[in-house]
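Report on one structure; see the data block that follows.
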Amino acid sequence: MNAYRNLTKPIVAILALLMAFSAVAVLAVDDSDAIGINTSGITDKNFKEDKNGTLVIPVLNGFGHTCKVLIEEDGKTVTVQDFANVEDVIEISVELSKGPHHLNIIITDLDNSTSCPSSYTLEVKENVWSRVGTYLAVVVVVIVVIIILVVYMRARPNNKPTTTFTQLEEEKKAATSAKEQPVAPAKTEKVKYTSSRRK
């Protein structure tokens, strides 16, 4: 009986090792095929206040996969989007308020339900044209410029030309008619010659 028990322990240990090895092998296969995120490669572009920006998420093993991307901040959902036939990059357009944002990005592979979470921090720049004060400042500057121009125009000396347009036209016509009149031939003086010969 003891010999049987002694023989059972090694068999159980071997079976346990085989089961653990097979589980690790299955996980390794699943992990190699599962979609993932290249965390160090996440970037953002064109994020400004009151304007959509784009999160660029590089994907590992994404070719041909169908996945769901969930973006959260402080436990609240920012956006959820599905993507089919994923390649090497996923781009997500989203609008965020100005200031820093600490986002939690989770990609779930719908083919085998594996999830890959990642975190990313970005800063949304302030859009000066979204503030009412900016427009008020522009209006004030325009009004001040108009006032300065009006004051300057009134302060200028009123130098009106002494010759009117009508007088200039008449002088022009007179000059033209003077050119067109025929020039009278110059009168020649008759010089009397006296003969030095005596008659």
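The values are calculated or read from the model by the stated rules, or taken from the named source; none is laboratory data. Here the structure is a predicted model, which is why all the values come from computation and not from measurement. Here the Cβ positions follow ideal geometry from the backbone for every residue, glycine too, while neighbour counts run over all protein chains shown. Keep in mind that these areas ignore ligands, DNA and RNA; they rest on the heavy atoms of the full protein, side chains included. Shrake-Rupley method; radii C 1.70, N 1.55, O 1.52, S 1.80 Å.
Suppose we filter the stretch 39-56 for residues that are surrounded by 15 or more Cβ atoms within 10 Å (Cβ to Cβ) and either free of Cβ contacts under 8 Å to residues at least 60 places away in the same chain or within 16 Å of GLU126 (Cα to Cα) (or both); how many remain?
5
Can you tell me which residues in the stretch 57-79 are among the β-branched types (Val, Ile, Thr) and touching a residue at least 12 places away in the same chain (Cβ under 8 Å)?
Here is the first cut: in the stretch 57-79, the ones among the β-branched types (Val, Ile, Thr) are 57, 59, 66, 69, 71, 77-79.
The answer is ILE57, VAL59, THR66, VAL69, ILE71, VAL78, THR79.
Report whether or not GLU169 is at pLDDT 75 or above and either at positive phi or within 57 Å of the chain's Cα centre (by Cα) (or both).
no
Out of curiosity, is LYS125 more than 36 Å from the chain's Cα centre (by Cα) and either open to solvent by 100 Å² or more (accessible area, probe 1.4 Å) or modelled with pLDDT of 85 or more (or both)?
no
Quick one: how many residues across the stretch 69-103 are farther than 12 Å from LEU55 by Cα and in contact with a Pro (Cβ under 8 Å, 6 or more places away or on another chain)?
Residues in the stretch 69-103 being farther than 12 Å from LEU55 by Cα and in contact with a Pro (Cβ under 8 Å, 6 or more places away or on another chain): 1 in total.
Restricting to the stretch 67-77, name every residue that is open to solvent by less than 60 Å² (accessible area, probe 1.4 Å) and touching an Asp or Glu at 6+ places or on another chain (Cβ under 6 Å). Break it down into steps so the answer makes sense when it comes.
Let us first name the residues in the stretch 67-77 that are open to solvent by less than 60 Å² (accessible area, probe 1.4 Å), namely 67, 69-73.
Scanning the stretch 67-77 gives a single hit, CYS67.
Residue under question is ILE106, and the condition is that it be surrounded by 15 or more Cβ atoms within 10 Å (Cβ to Cβ) and free of Cβ contacts under 8 Å to residues at least 40 places away in the same chain; does it hold?
Working: surrounded by 15 or more Cβ atoms within 10 Å (Cβ to Cβ): yes; free of Cβ contacts under 8 Å to residues at least 40 places away in the same chain: yes.
Yes: the conditions hold for ILE106.
Is at least one residue of the stretch 88-96 farther than 14 Å from ILE42 by Cα, open to solvent by 80 Å² or more (accessible area, probe 1.4 Å) and not in a loop (DSSP other than H, G, I, E, B)?
Yes, some residue in the stretch 88-96 is farther than 14 Å from ILE42 by Cα, open to solvent by 80 Å² or more (accessible area, probe 1.4 Å) and not in a loop (DSSP other than H, G, I, E, B).
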